[in-house]
Amino acid sequence: MKKTLLTAVLSAGMLFPTKAPDTTEEFKEIQNKQRIDEIPETIKYNTTGENCSEYVRFTGKKLYNKLYSYTDAWNRQYAEDEKFQFKQGREKKQLDSLRDLNEIQPGMILGAYNPNSPRNYTIRDWKNKKPEYTHVLLYAGRDSSRTHYFFHEWGKKQEKITLNELEDLNLKPIEMLDESKEIIAEIKSYEEKRKT
């Protein structure tokens with residue numbers, strides 16, 4: 001009797017080339033290779049009110065042990081380390097590639113342009129330039145369905161949103177940032193002084 005195509009494929013190990021993971025460690029190793037992240041729940045925090053930058057700094061420290069500077073969203077490009085600049089219209093593809101390569105990790109900051117923000121016309125950044133963006137979000141990672149998540153404070157709401165929801169808010173991803181190793185000592189010193 002002839003083998004069916006499916007039986008032949010299965011017996012050759014082509015459809016399922018590796019066995020199912022036996023242990024939690026093996027499962028975690030597979031998860032890491034696919035860059036699947038555990039997405040935490042949203043943290044609620046009493047900010048000074050409508051302050052996305054303060055919320056990102058607090059959440060980054062609480063969830064990912066990141067030390068970000070005490071500054072406004074539009075000055076983060078100078079205070080943190082730039083990891084990647086996005087090309088408009090290719091954000092999803094670029095995020096997937098960057099996560100696949102582990103070039104971006106949960107806990108990094110996304111600077112996003114909000115075309116509806118009045119701050120685009122009323123403020124200047126540290127270099128006295130019009131800001132490239134006025135909103136920041138914290139990257140929460142990518143789940144098993146390859147959906148990217150972000151934490152942010154939007155008005156009075158503190159929430160977790162997807163890349164699609166970010167686009168629905170008309171936000172345009174500009175760049176990914178990470179903590180600056182050069183200023184971590186300064187931030188630690190500042191925080192120690194605040195405790196006393």
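For the range 75-146, go through all pairs of different Cα atoms, get the mean of 1/r, take its inverse, and jot down that Kirkwood value in Å.
Its Kirkwood hydrodynamic radius stands at 13.7 Å.
Tell me the chymotrypsin sites (Phe, Trp or Tyr not before Pro) within the range 61-155 that lie in a loop according to DSSP and have at most 14 other beta-carbon atoms within 10 Å.
70, 126
Measuring from centroid to centroid over Cα atoms, what is the spacing of the range 36-80 and the range 125-169 in Å?
11
Mind listing the long-range amide H neighbours of residue 108? Cut-off is under 5 Å, sequence gap 5 or more, other chains count too, H placed in the peptide plane at 1.01 Å from N.
Sorted by chain and number, the residues that satisfy this are 139.
Taking 25 Å as the cut-off for C-alpha to C-alpha distance, list the pairs among 127/160; 62/188; 44/87; 129/157 that go past it.
The pairs that break the limit, which is 25 Å between Cα atoms, are 127/160; 44/87; 129/157.
Take the eigenvalues of the Cα gyration tensor for the range 61-196, scale each by 5, and report the square roots as semi-axes in whole Å, largest first.
Taking √(5λ) for each Cα gyration eigenvalue gives 24, 20, 14 Å.
Please turn the phi angles of the range 61-71 into ³J(HN,Hα) values with the Karplus equation 6.51 cos²θ - 1.76 cosθ + 1.60 (θ = phi - 60°), one per residue in order, whole Hz, x for glycine and proline.
6, 5, 8, 10, 6, 8, 10, 9, 5, 8, 8
Bear in mind that the values in this text are calculations on the coordinates, not laboratory data. Worth saying up front: this structure is predicted, and the values here are computed from it rather than measured. Backbone-built Cβ (ideal geometry, glycine too); neighbour counts: all protein chains shown.
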